[in-house]
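The values are calculated or read from the model by the stated rules, or taken from the named source; none is laboratory data. Fair warning: this is a prediction, and the values are worked out from it, not measured in the lab. Reconstructed Cβ throughout: ideal geometry from the backbone, glycine too, with neighbour counts over all protein chains shown.
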Amino acid sequence: MPIVERPSSTGGGYDEEEFLNAEVFPTLALEALGWGDGGAVEAVRITIDEPGRHKVGDVLVDGLGPARRPIRSVEYRAVPSMGSMPDQQLLVMQFDEGAAGAWEIILNPELLTVELLRDGHREMSFNGRSQFHIERLVSKAALEQKKTSTCTNMCFAEQFRGHKDSKPNGPTAVMFDLGFEGYSHVYGIPEHATPLSLEDTHGKEPYRMYNLDVFKYLDDSPAALYGSIPFMWSHKPGSSVGAFFLNSAEMWVDVLKGKGNPQLGTRDRVGTQWIAESGQLDLFLLMGPGPADVSRQYARLTGGTPLPQLFSLGYHQCRWNYKNEADVSAVDGGFDEHGVPYDVLWLDIEHTDGKRYQTWDSALFPTPQRMQRELAAKGRKMVTIIDPHVKIDEDYVTHKLATEQKYYVLNSDGETDFEGWCWPGAASYLDVMHADIREWWAQQFSLANYSGSTETLYTWNDMNEPSVFNGPEITMQKDLVHRLDSDRRVEHRDVHNAFGMHYHQATADGHVLRGRQVYGEDADRPFVLSRAFFSGTQRHGPIWTGDNAANWDHLRVSLPMVLSINLAGLPFSGADVGGFFGDPSPELLTRWYQVGIFYPFFRGHAHLDTRRREPWLFGEEVLGRIRAAIRMRYTLLPYLYTLFYETSQNGAPVMRPMWYEFPSSKALAEVQDQFMFGPALLIAPVLKKGPNPEFSTASGWRQVLLPTEARWYDFRTGQTFNSKFPSMKYDADLDTIPIFFRGGHILPRRETARRSSQAMQQDPYTLVVGPDADGKAVGRLYLDDGRSYAYENRAEFLLTEFSFENNLLKATPTAGGELRTDVLVDRIVVLGVKSPKKWSAKTHAGQSLECQAGPISLQGSWDDGQALVVRRTGLRVAEPWSVQFTEVWW
Ligand code: NOJ
């Protein structure tokens, strides 16, 4: 439907000659999308397009072709006039009822409002507050005169701290309001160091999304950080919905909350207002109704997280910088000597020859391949850093080729290569917005091109916001020029937030290409960490939250940050453990490891100027605690890998806000100091300094909220909580991480943490069974080679469902099946059993198993609980089996 420009507050009359598209009005299109069987609608797309605006590419998957949904009925409904207003015609579209409820879309063509109703209740409204506005593209004549009837000066050129933005297209912003009706909380739109439930911005700064390299970010601020995902959630007991604004320009979002707010009226609602500096208005409203539905709907639009290699879920040891090969070898040896597992050793920028990426400082790293092979012999990998700026140096082959082929981002003249300033000094930037340039960059990762690399070397993409030390706000000028695939050109302004994602994408493609060259079709899966991110980044690899600081505030804020990034469809994420800037106290470092083992991406990292902090440098006690935490991570890898399998299928977060798992609870909406790690584990870490100034005896405690809907087990002692009183005080000395196992779940685990994840691949599993109040539990295990695409190519994987009911534990392989493995489920632990010895157990084959009272875990300090334990079962993970437990009366 064509729409017309609405007069702005400053505006008088328009002269159509001012506009580029004087003849063609912007058009509003509504699409109803759904992915399940039947006609049910799950998302509505509102597009307001104007020829000439940038449309974001490479984010939506599958072209949405099969997703469009038929409308069950359309009718015009007349709304009687108010005062002198004429009658209004509403267009009402109804859809077949589905899991997401019976939806209706009501369009008011006059006021240009779109309302979404579920089962007769209004849930979301577009333009309900008449804030929709689009600065129509201006004509060539107006551009030349730098003037329209509503705009002069700033609309046509801006100055910022000595930087000039020539604004060659004049004003191009697009803005709209979106109301969440009956809701009190909104979440998401990372990346911000703010509370999980977004705060009212009335009278304050709005949330800003503009990928920036921020030096020492604050721990409570809506200011922009390294990544942007314009995807917002709203949740109330019993209902979740989402809104995704597909636009990669700088964006601002205001949040106005509910009742009594003079701008919103008396209803419970959250009003949000979005402004993007340029680009198309392309908005997806996701209709839930549950949290898992919203995650799935977003993953259907933008893709899920492909299964990562198992090693990448282990512990990563990083520092700016490990100095030379001897240092690498000593650190690696230190982990073995002190019995601390780890999988990956990282090299920061100093390993290169003068910050020329994909080169080595030959004095410090004379034999890089030997170094990598030594790590690989222990099942470990190495990561090197590769940033998007390329040193301007005629003798540097990357620069030489990129210059010859005109592969750099261009100045605003559209001709000359842009030069900025970064680690190497003067540098140019690969224009990864173009597919051919990405393809070329991917080829640079072949073993032949990247000299000194081996097939166990992976990549870290840093500074890809992109960071330009001498640019405005330490990034690129907005009027720089990129070339797109169709030979179209766009300003940096239009694509800024997506740039880093494309660099990440090109690098990940490079890994896949290298993998194919080395292994054929069963290539290893890519591993590339990125600092900048955007919607779609989840398809290319993990991200981390950048340069945090070694203080308690940054430890605390890491939880809402990683939780909201998880909600935004990017589960593979984490914060630098220990804090990047500054030196953590031993207590802070210990507590940070106890949190970090639950970040989906788990890496310790530190700034060049900090003291060394490998875990064994703080004495036996601290080492013991950090070792216990890291070992706990390794024992949980089977559960974590299964969570990653699930997110690859349905987009669910790995680290989840409490309300995500308990959506009907009111009390959990703002909880952010405890969280769910998948569906089965509740983690309530200690985030405050202990009361005792004497670190060695410092203890701590915290208040824990156990949702009353579930039965809970203390994951260490097995103590059962049937919580009528959900909030309790829990003692947590420095050896203790408060972890609670949710009744109704079965968790696969490996008991013995070895030196790397690879060294544990053939170890037997333990199943921990936590019956709910009805004595039932379910769980699953996903298993493959942990490395290659054989799971996709030849179904070489195993998916086994476990169930426990009437004291019968059953394993049923349900998918895959081509994986050959003799691995056993050797140990079964059933929680919540009063007298474990008064039980007997028998397998489906009639074999009797001894029931004992035993420790819940064989791991270090986690062995003081007692549960019903069956050992040496001889049951194979790849086969169906069952074990009947029977209470013996004597
Ligand atoms: C900035 C990154 O955020 C940090 O992690 C890294 O150590 C430095 N760049 C140096 O490469």
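What to note about this one:
- Summed over region 369-396, residues that are small (Gly, Ala, Ser) and free of Cβ contacts under 8 Å to residues at least 40 places away in the same chain total 1.
- Of all residues in region 459-483, those being within 30 Å of Gln309 (Cβ to Cβ) and either away from the ligand (no atom under 16 Å from the Cβ) or polar (S, T, N, Q) (or both) number 4.
- Residue match in region 453-464 (condition: part of a helix (DSSP H, G or I) and modelled with pLDDT of 95 or more): no
- Count - residues of region 542-577 that are within 13 Å of the ligand (Cβ to nearest atom) and either part of a strand (DSSP E or B) or out of contact with any Ser or Thr (no Cβ under 9 Å at 6 or more places or on another chain) (or both): 8
- Scanning region 765-784 for residues that are more than 13 Å from Val869 (Cα to Cα) and either among the aliphatic types (A, V, I, L, M) or outside any strand (DSSP E or B) (or both) yields Pro771, Asp772, Ala773, Asp774, Gly775, Lys776, Ala777, Val778, Leu781, Leu783.
- Residue among Ser221, Ser228 that alone is farther than 23 Å from Met501 by Cβ, of a type in the set (Gly, Ala, Ser) and more than 16 Å from the ligand (Cβ to nearest atom): Ser221
- The set of residues in region 518-541 being out of contact with any helix residue (DSSP H, G or I) (no Cβ under 8 Å at 6 or more places or on another chain) and away from the ligand (no atom under 15 Å from the Cβ) consists of Val518, Tyr519, Gly520.
- Region 180-215 - residue that is closer than 18 Å to Glu277 by Cβ and aromatic (Phe, Trp, Tyr) and, of those, farthest from the ligand (Cβ to nearest atom): Tyr207
- All positions within region 305-327 that are out of contact with any Pro (no Cβ under 8 Å at 6 or more places or on another chain) and either more than 13 Å from the ligand (Cβ to nearest atom) or of a type in the set (Asp, Glu) (or both): Pro306, Leu307, Gln309, Leu310, Phe311, Gln317, Lys323, Asn324, Ala326, Asp327
- Counting only strands (runs of 3 or more DSSP E) that sit completely within region 182-250, those holding 3 or more residues that are buried (at least 21 other Cβ atoms within 10 Å of the Cβ) and touching a helix residue (DSSP H, G or I) at 6+ places or on another chain (Cβ under 7 Å) correspond to 231-236, 239-245.
- Residues (within 16 Å of the ligand (Cβ to nearest atom), surrounded by fewer than 23 Cβ atoms within 10 Å (Cβ to Cβ) and either on the phi > 0 side of the Ramachandran plot or of a type in the set (A, V, I, L, M, F, W, C) (or both)) located in region 603-651: Leu608
- Of the criteria (1) surrounded by fewer than 20 Cβ atoms within 10 Å (Cβ to Cβ); (2) closer than 30 Å to Ser664 by Cα, which one Ser130 fails: (2)
- Residue list for region 332-358, restricted to those being of a type in the set (A, V, I, L, M) and either at pLDDT below 95 or more than 16 Å from the ligand (Cβ to nearest atom) (or both): Val340
- Filter result for the condition that a residue is surrounded by fewer than 22 Cβ atoms within 10 Å (Cβ to Cβ), in a loop (DSSP other than H, G, I, E, B), charged (D, E, K, R) and within 16 Å of the ligand (Cβ to nearest atom), over Asp387, Asp361, Asp395: Asp361
- Taking every residue in region 49-77 that is closer than 29 Å to Asn21 by Cβ and at pLDDT 90 or above and pairing it with any residue that is surrounded by 10 or more Cβ atoms within 10 Å (Cβ to Cβ) and among the hydroxyl-bearing types (Ser, Thr, Tyr), at least 6 positions away or on another chain, the pairs with Cβ-Cβ distances below 7 Å are His54/Ser278; Val56/Ser248; Val59/Thr302; Val59/Ser535; Leu60/Thr302.
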